[in-house]
Amino acid sequence: MRAFLSRILDGVLRSQFVRSIYKTQWPVNRRMRMLTVLGSCLLHLHPTRIPRSAVRVCFTWCLGGLSFFLFVLLTITGILLMFYYRPTVAHAYADMKYLEFDVPFGILLRNLHRWGAHAMVITVMLHMFRVFLTGSYKPPRQFNWVVGVALLVLTLLLSFTGYLLPWDQLSMWAITVGTNMAKATPFLGAEGPFSLVDETSDARFLLLGGRFVGQAALLRFYVWHCIGLPFIAACIMAFHFWRVRKDGGISHPL
Ligand code: HEM
């Protein structure tokens, strides 16, 4: 029976159909396995050889991977939330309540997104801390550290812009306080040192699209939160991963 099944499997793997998808033959030895990984669109994202010490869980704690996993989770749950949410002053709050109390599994969806966002901020910070503790920011990885800092800022901006969207008292006043700080920006804030601008053209006005947290601010934050920032973050993440590979793979003890 076993021989019969393996003959069938062999026939399928050697068929023209399978060979048209997989250019390399079925990997029977180490060299063939490496060629298969290199030839596959999905698998080639991973290196063919990694030092054993670099894949030890207690070296990276998989914190970068967890941050990426949470980003993917947030993207998927965020897209699902968009089916129920309208970014207008008249609808935003009611839509969140409808989602929470009337939509089946709506509260689960909302909380997956909310708690996922909190968790991502924590994992990104812990990942940065791990990179620091293992000295992985040193040459040749110093530029990837800078790219990482950009990712940290983007993660925080994603959290900040998402905070306004439920349009409740907490969001309103948190964003009012947050954007008021922009007023104190040097040169570009109306009340900042060496101010060059007035209240209708300063950094705060640019963030809110007006002088108060209102409809224009809600729409701006929505567009940045759902399209602008995730797109920029995804591009920079792809670059971050590519740099890990080009800098010689994940660092490991000498
Ligand atoms: C959205 C945020 C981020 C994601 C998704 C991410 C993802 C990753 C992944 C998957 C790795 C491979 C090793 C590992 O899993 O630890 C990595 C490595 C690295 N990351 Fe990040 N990262 C992020 C933010 C940051 C931040 C904030 C920093 C530092 C400021 C940073 C600096 C680095 C460096 C230097 C490496 C190479 C580490 C080594 O070779 O040991 N990353 N990152």
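The values are calculated or read from the model by the stated rules, or taken from the named source; none is laboratory data. All values reported here derive from a predicted model rather than from experimental measurement. Cβ atoms come from the backbone with ideal geometry, glycine included; neighbour counts cover every protein chain shown. Keep in mind that these areas ignore ligands, DNA and RNA; they rest on the heavy atoms of the full protein, side chains included. Shrake-Rupley method; radii C 1.70, N 1.55, O 1.52, S 1.80 Å.
Remarks
- The single residue among 178, 228, 209, 214 that is closer than 30 Å to residue 115 by Cβ and in contact (Cβ under 8 Å) with a residue 24 or more places away in the chain turns out to be 214.
Each row is one residue, and each column tells you yes or no for (1) of a type in the set (Val, Ile, Thr); (2) surrounded by 15 or more Cβ atoms within 10 Å (Cβ to Cβ); (3) free of Cβ contacts under 8 Å to residues at least 12 places away in the same chain; (4) more than 16 Å from the ligand (Cβ to nearest atom).
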| site | (1), (2), (3), (4) |
| --- | --- |
| 59 | no, yes, no, no |
| 66 | no, yes, no, no |
| 73 | no, yes, no, no |
| 101 | no, no, yes, yes |
| 109 | no, yes, no, yes |
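- One residue alone among 178, 189 is under 22 Å from residue 88 (Cα atoms) and either in the same structural domain as residue 142 (by TED's automatic domain parsing) or open to solvent by less than 20 Å² (accessible area, probe 1.4 Å) (or both), and that residue is 178.
- Restricting region 75-93 to residues that are polar (S, T, N, Q) and more than 15 Å from the ligand (Cβ to nearest atom) leaves a set whose member that is farthest from residue 214 (Cα to Cα) is 77.
- Annotation: residue 65 fulfils all but one of (1) part of a helix (DSSP H, G or I); (2) not assigned by TED's automatic domain parsing to the domain that holds residue 218; the unmet one is (2).
- Of all residues in region 26-62, those being under 30 Å from residue 126 (Cα atoms), among the aliphatic types (A, V, I, L, M) and modelled with pLDDT of 85 or more number 1.
- Residue match in region 117-134 (condition: open to solvent by 40 Å² or more (accessible area, probe 1.4 Å) and of a type in the set (Lys, Arg)): no
- Condition broken by residue 145, with the remaining ones in (1) touching a helix residue (DSSP H, G or I) at 6+ places or on another chain (Cβ under 6 Å); (2) in a helix (DSSP H, G or I) satisfied: (1)
- Of residues in region 223-254 being more than 16 Å from the ligand (Cβ to nearest atom) and touching a helix residue (DSSP H, G or I) at 6+ places or on another chain (Cβ under 8 Å), the one most open to solvent (accessible area, probe 1.4 Å): 224
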